[in-house]
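Novice: Let me begin by handing over the structure; questions about it come next.
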Amino acid sequence: MMGSYECRCREGFLLSDNQHTCIQRPKVQMEGAKEGPTCMDKNHGCAHICRETQKGGIACECRPGFQLTRNNKDCKLTCNYGNGGCQHICEETDHGPKCSCHMKFVLHSDGKTCVGERSVPSQAAPQLFPNETCAVNNGGCDSTCHDSVTGVRCSCPVGFTLQPDRKTCKDIDECRLNNGGCDHVCRNTVGSFECSCKKGYKLLTNERTCQDIDECSFDRTCDHFCVNSAGSFQCLCHKGYVLYGLAHCGDIDECSINRGGCKYGCINSLGSYECTCPPGFKLHWNRKDCVELVKCPPGLVAPKATLTCNKTGKKESCSLTCASKAHYLAESDNSYSVSCGIPILRGKSPARLNSSSSQSCIETLAPPVKQTASFKIKNAKCHLHPKLSGRTEDRGRTLGPGSAQPCSNCLVTFVNLKCDSSKKAKGRRARNPSNKEVTRITLELEAEVKPGDTTGSCNLSCLRQRMEKQVKTYIKALKKSINQERFLIRVAGLEYEVAQKLPQAAPIQENCGPGWERDGSRCVRCSSGSYYHGEQERCVPCPPGTFQEKEGQLACDLCPGSDGHGPVGARNISSCAGQCPMGYFSSDGFKPCQPCPQGAYQPDLGRTLCFPCGGGLSTKREGASSFHDCEVKVQCSPGHYYNTTVHRCIRCPVGTYQTEFRQNYCISCPGNTTTDFDGATSVSQCKNRQCGGEMGEFMGYIESPNYPGNYPANVECIWNINPPSKRKILIVVPEIFLPSEDECGDVLVMRKNWSATSITTYETCQTYERPIAFTARSRRLWINFKSNEVNSARGFQIPYVTYDEDYEQLVEDIVRDGRLYASENHQEILKDKKLIKTLFDVLAHPHNYFKYTTRESNEMLPRSFIRLISSKVSAFLRPYK
C-alpha cells in the first residue's frame with residue numbers, strides 16, 4: 001500500500017501480535033469460553049488498526065488519510081492522504097479517490113499522472129513540465145521536489161536513483177557491488193541494504209563484519225566441557241560419562257555393557273564401575289577376573305611394611321621400610337603423606353573386601369590391631385629429603401616380619417604417615433604465641449596376629465594384648481626419634497628424612513623436593529610412568545618390567561610375573577609386556593597364552609578366562625574375540641539383542657538402546673534418562689523427562705525437557721511466574737521448535753491460570769525461528785507444555801524478566817513496534833543470550849544501567865537498535881518535548 005506495507009495470512013491462519021508471523025487458527029473453540037476475539041491473534045481481520053474495547057470486543061480503525069469501509073474492517077484511501085495519489089485533482093467516490101487534470105492537461109494511462117496535451121517528453125531536458133509546481137501533488141515527484149524558474153526539479157534520497165522520466169525514484173541494489181561490503185549475506189531493502197551472518201556468527205556493530213559466536217562463554221551451554229569452533233561448538237564429557245541431548249552428560253552404566261566384562265559381579269558408580277568377587281576370591285590385577293585367595297605357603301610372606309627402632313643411650317632411631325605398595329603424595333610445599341603396605345578393610349562384605357585387596361596371599365583373617373598417634377614438632381618443617389651422607393643408623397628392635405623381638409607374632413600390614421607444617425593456628429585457643437613453624441605428624445598403623453601362634457597359656461586375645469602393648473612402645477620410640485630428627489623412611493633402597501628443624505637462616509632450596517622436578521621456574525610432579533630418583537634428585541622413567549600409574553611417586557611397581565622385560569616408562573599395568581591378546585587367556589593374563597576354545601570368546605587383553613557364547617552356540621574357529629564370532633541363528637539389527645535362550649532377536653526394552661548389529665546385550669540409558677519406546681538404536685533417543693528452568697522473582701527461564709535435544713513423548717510441564725507486587729512480566733521467545741505436522745499435539749500455552757477460560761497471553765503449537773517479545777496480559781502467568789507420542793522436536797528455552805509497572809508504557813511501545821523484528825540484526829539481539837541477559841538486568845534493576853558505559857553499549861548493540869530504543873526512552877521520559 002502507499003507509504004507502507006502490511007502482512008496478511010492465508011485462510012486458516014492468524015496474524016500474531018508482531019505483525020509478521022502467521023499462526024494456525026484453532027480448529028475447535030473451547031466450550032463455554034466467554035472471551036471474544038483479541039487484537040493479539042488478529043482473527044478480527046482489521047486492515048490497519050485494532051483496538052480492544054472495554055466490553056471485551058474489538059473495533060477496527062484506519063490510519064490518517066483512510067476511512068473504514070462498510071464491513072468495518074477494510075480501509076480505503078481518501079483524498080486526504082497524499083491527494084489520493086492524484087497529481088492534480090482528487091474526487092471522493094464510493095470506490096475510492098478518482099483523479100482528474102487541470103485545463104490543457106490530460107490524464108496519463110496510470111490514472112494518476114497528468115501530462116500536457118502538446119508537450120513531448122525529453123529525457124535530456126532538466127525538467128519535464130515547466131508549468132508544474134511543487135505545490136500541486138509534490139510536482140509529480142516520487143520524493144523531493146524543488147521549484148525552479150524552469151519548472152519542478154525532482155531528486156531522490158540516499159539509496160535511490162532518479163529514473164529517465166526525471167520523477168520516479170528507483171531503489172539501488174547495493175548488494176550487487178562487492179556484496180554490499182558484507183562478510184556473509186547481503187539483503188537488499190527499499191532504499192538501503194542489510195548485512196547478516198550465517199548461523200553460529202554474529203554481526204559486529206559496524207554492521208558489516210561477522211564474528212564467530214563463542215557459545216562456550218554462555219551459561220549452561222554444556223554440562224562438562226565445551227569446545228568452540230568456527231560457527232559451531234561441541235560438548236564433551238568426563239571419562240565414564242556419555243553425551244545425550246546435545247549438551248548433557250550422563251553416567252555410563254558399564255555394567256549393562258556385557259556386565260562390564262566382569263567375571264563375577266559388577267557395581268556401577270558415577271563415572272566408573274567396579275567388578276566384585278565371591279567370598280574366598282579376590283580381584284585380579286586386570287580388575288575384572290577373580291582369583292582364589294590362598295594362605296601364604298611356608299617361608300613366603302606377603303609384602304609388608306617394616307618398622308625398626310634402635311636405642312643408643314638416650315637417642316632413639318627409627319626407620320620405616322616399604323617393601324612394596326608404597327604411595328607418596330605431596331599435597332603442598334608444607335604437607336605430604338607416605339603409605340606402606342595394604343590396609344585390611346573390615347566391616348565390609350566379603351565380595352567388596354576381596355575385590356579391594358591385591359595381596360598375593362593372606363596369613364590370617366583375624367581382626368588387625370590398629371593404632372593412631374599424632375606428634376608435634378616446634379620450629380620444624382615437613383621435609384621428605386634424601387638422608388644426608390655420613391649418618392648411619394644401627395639395626396635395632398623391629399616391628400615386622402622376621403623379627404627376633406617379643407613382637408615376632410605380629411605382622412605390620414599397613415603404615416600411613418602424614419606430615420603437615422603450618423603457622424600458628426587461628427583462634428583464642430592457639431598455643432603457639434611465638435608464631436613459629438609447627439609440624440604435625442600423624443601415624444596410622446595396622447598389625448595382624450597369627451592365630452596359629454596361640455599356646456595353651458596365651459590364646460588369641462592374649463596375643464592381641466601383647467602386640468598392642470608392643471605397638472604402643474614403638475609409638476613412644478617413634479615420637480622420640482622424630483623429635484631428634486632420627487626417623488627415616490626407606491623406599492626403593494633409599495632413605496628419606498621425614499622432617500627437618502629450621503636453622504637460623506634457612507638455605508635456599510634449589511631442587512623441588514621428592515616427587516617433584518623443576519620445569520623452568522616452577523616445580524611439577526613426576527609424571528605417571530616415572531618416579532623420583534632420590535640420589536639423582538630428579539624424575540626418571542620406570543625401568544622395564546615396572547610401571548607407575550600415579551604422579552609424584554618415589555618408586556615404580558613391579559609388573560605381574562615380571563622377568564625384567566617390557567617398555568620403559570610404563571604408565572599402567574596394561575602396558576606391561578607379555579599380556580594375552582584378545583581371543584586368548586592364561587592363568588595370570590600373561591604369556592604363555594592359549595586361544596579361547598570353540599564356543600567362547602574374549603574381547604579384552606590380559607584375561608584369565610573366556611566368555612561362553614551361550615545357548616550351545618559355537619564359533620567357526622578358536623581364538624574368537626567377539627560375540628560376533630558366535631554362529632547365531634539370526635542376525636540382529638540395531639535396537640535388538642540376541643537372546644541365547646530362545647535364539648531370536650528381542651527388541652531393547654524401554655530405557656536401553658543398542659547401536660550395533662549382532663550384539664547379545666542392550667546398553668542402559670545414561671544418568672536419569674530413558675527412551676520413549678522400546679527398540680532404541682542410539683543414545684540420542686535417551687531423554688531426560690525433567691522439566692527445565694530457573695524461576696526467579698526478577699529474572700528466569702523455562703526450558704522444555706532434554707533441551708537442546710528433542711523433548712520426550714507424553715510429557716507435561718507446568719511453570720508459574722509470580723512477580724513481586726507492582727511488577728509486570730516480559731517474555732522473549734527467541735525461537736521455538738514444535739512439529740507442525742503434529743496437528744497441534746504438542747502445545748505451549750501461557751495464561752493467567754490453569755482454567756482454559758482465563759486470559760491467554762501466548763499459545764502456539766508450531767515452529768518459529770523468528771523471535772518475538774511480548775508482555776503478559778495478566779500479573780501472573782501459568783505456563784503449560786504438553787507433548788503427545790506422535791512426533792518430537794527441539795523444544796524451547798524461553799527467558800523472562802519482571803519490571804516495574806511504571807515502565808509498562810515504554811516496554812509495550814518497544815515490543816509492539818514492528819521495527820524491532822523487521823531487521824534480521826534486531827532479531828539476532830533477541831536470540832543472543834548474553835545481550836538478552838544484559839537487557840533484562842537493566843530492565844529488572846534500572847540502576848544497573850550505570851554499570852555499562854556508552855562505549856560498551858555501542859560495542860554490544862547495532863546503531864539502528866540503539867536509535868530505536870533511544871527514541872522510545874526519550875519519548876517516554878520527555879513526552880512533551
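Novice: So for the stretch 202-211 (the condition being within 30 Å of SER143 (Cα to Cα), surrounded by fewer than 16 Cβ atoms within 10 Å (Cβ to Cβ) and at pLDDT 90 or above), does at least one residue qualify?
Specialist: Looking for residues that are within 30 Å of SER143 (Cα to Cα), surrounded by fewer than 16 Cβ atoms within 10 Å (Cβ to Cβ) and at pLDDT 90 or above, one finds at least one in the stretch 202-211, hence yes.
The rows are residues; the columns are (1) at pLDDT 85 or above; (2) farther than 23 Å from GLN67 by Cα; (3) surrounded by 14 or more Cβ atoms within 10 Å (Cβ to Cβ).
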position: CYS86; (1), (2), (3): no, no, yes
position: THR93; (1), (2), (3): no, no, no
position: VAL106; (1), (2), (3): no, yes, no
position: LYS112; (1), (2), (3): no, no, yes
position: VAL115; (1), (2), (3): no, yes, yes
position: PHE129; (1), (2), (3): no, yes, yes
position: GLY139; (1), (2), (3): yes, yes, yes
position: CYS156; (1), (2), (3): yes, yes, yes
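Novice: Select from the stretch 583-595 the residues that are at pLDDT 90 or above and over 10 Å from GLY606 (Cβ atoms) and list them in ascending order.
Specialist: Residues satisfying the conditions are GLY583, GLN594, PRO595.
Novice: Moving on. Give me the strands (runs of 3 or more DSSP E) completely within the stretch 678-748, filtered to those with at least 3 residues that are in contact with a helix residue (DSSP H, G or I) (Cβ under 7 Å, 6 or more places away or on another chain), ordered by residue number.
Specialist: 727-733
Novice: Of the residues GLU535, GLU551, only one is in contact with a Ser or Thr (Cβ under 7 Å, 6 or more places away or on another chain), farther than 14 Å from TRP285 by Cα and in a loop (DSSP other than H, G, I, E, B); which?
Specialist: On inspection, the qualifying residue turns out to be GLU551.
Novice: To continue, here is another question. Where residues in the stretch 557-604 are hydroxyl-bearing (Ser, Thr, Tyr) and outside any helix (DSSP H, G or I), which of them is farthest from CYS290 (Cα to Cα)?
Specialist: SER562
Novice: Going by what's in this entry, would ARG770 be described as surrounded by 16 or more Cβ atoms within 10 Å (Cβ to Cβ) and either assigned by TED's automatic domain parsing to the domain that holds LEU203 or more than 30 Å from GLU6 (Cα to Cα) (or both)?
Specialist: Criteria not met by ARG770.
Novice: Working only within the stretch 146-166, note down all residues that are of a type in the set (Gly, Ala, Ser) and either assigned to a loop (DSSP other than H, G, I, E, B) or touching a residue at least 40 places away in the same chain (Cβ under 8 Å) (or both).
Specialist: Of everything in the stretch 146-166, just one residue is of a type in the set (Gly, Ala, Ser) and either assigned to a loop (DSSP other than H, G, I, E, B) or touching a residue at least 40 places away in the same chain (Cβ under 8 Å) (or both), namely GLY159.
Novice: A further question follows. Are any of the residues in the stretch 808-830 touching a Cys at 6+ places or on another chain (Cβ under 9 Å) and in a strand (DSSP E or B)?
Specialist: No, the conditions are met nowhere in the stretch 808-830.
Novice: Taking the criterion of being modelled with pLDDT of 95 or more, at positive phi and either in contact with a strand residue (DSSP E or B) (Cβ under 6 Å, 6 or more places away or on another chain) or assigned to a strand (DSSP E or B) (or both), would at least one residue in the stretch 655-677 satisfy it?
Specialist: yes
Novice: Name the residue that is surrounded by the most Cβ atoms within 10 Å (Cβ to Cβ), counting only residues in the stretch 295-332 that are at pLDDT 70 or above and in a loop (DSSP other than H, G, I, E, B).
Specialist: Going through the qualifying residues, I end up with ALA326.
Novice: Continuing with the same structure: Read through the list (1) of a type outside the set (Ser, Thr, Tyr); (2) modelled with pLDDT under 65; (3) outside any loop (DSSP other than H, G, I, E, B), then give the number of the only condition that VAL28 fails.
Specialist: The one condition VAL28 does not meet is (3).
Novice: Being of a type outside the set (Lys, Arg), at positive phi and surrounded by fewer than 21 Cβ atoms within 10 Å (Cβ to Cβ) is the requirement here; does CYS765 meet it?
Specialist: no
Novice: Would you mention how many residues in the stretch 588-606 are under 41 Å from the mean Cα position of the chain (by Cα) and under 13 Å from SER625 (Cβ atoms)?
Specialist: 5
Novice: Looking only at residues that are on the phi < 0 side of the Ramachandran plot and small (Gly, Ala, Ser) in the stretch 773-815, which one is surrounded by the fewest Cβ atoms within 10 Å (Cβ to Cβ)?
Specialist: So, considering only residues that are on the phi < 0 side of the Ramachandran plot and small (Gly, Ala, Ser), the one surrounded by the fewest Cβ atoms within 10 Å (Cβ to Cβ) is SER778.
Novice: Of VAL632, VAL646, which residue is free of Cβ contacts under 8 Å to residues at least 12 places away in the same chain and either β-branched (Val, Ile, Thr) or surrounded by fewer than 16 Cβ atoms within 10 Å (Cβ to Cβ) (or both)?
Specialist: On inspection, the qualifying residue turns out to be VAL646.
Novice: Can you tell me how many residues within the stretch 829-839 are within 16 Å of ILE869 (Cβ to Cβ), within 23 Å of the chain's Cα centre (by Cα) and either of a type outside the set (Val, Ile, Thr) or outside the structural domain of ARG770 (by TED's automatic domain parsing) (or both)?
Specialist: Residues meeting the conditions: 3.
The values are calculated or read from the model by the stated rules, or taken from the named source; none is laboratory data. Every value quoted in this text rests on a predicted model; they were computed, and no experiment measured them. With ideal geometry, Cβ positions are generated from the backbone for all residues, glycine too; neighbour counts draw on all protein chains shown.
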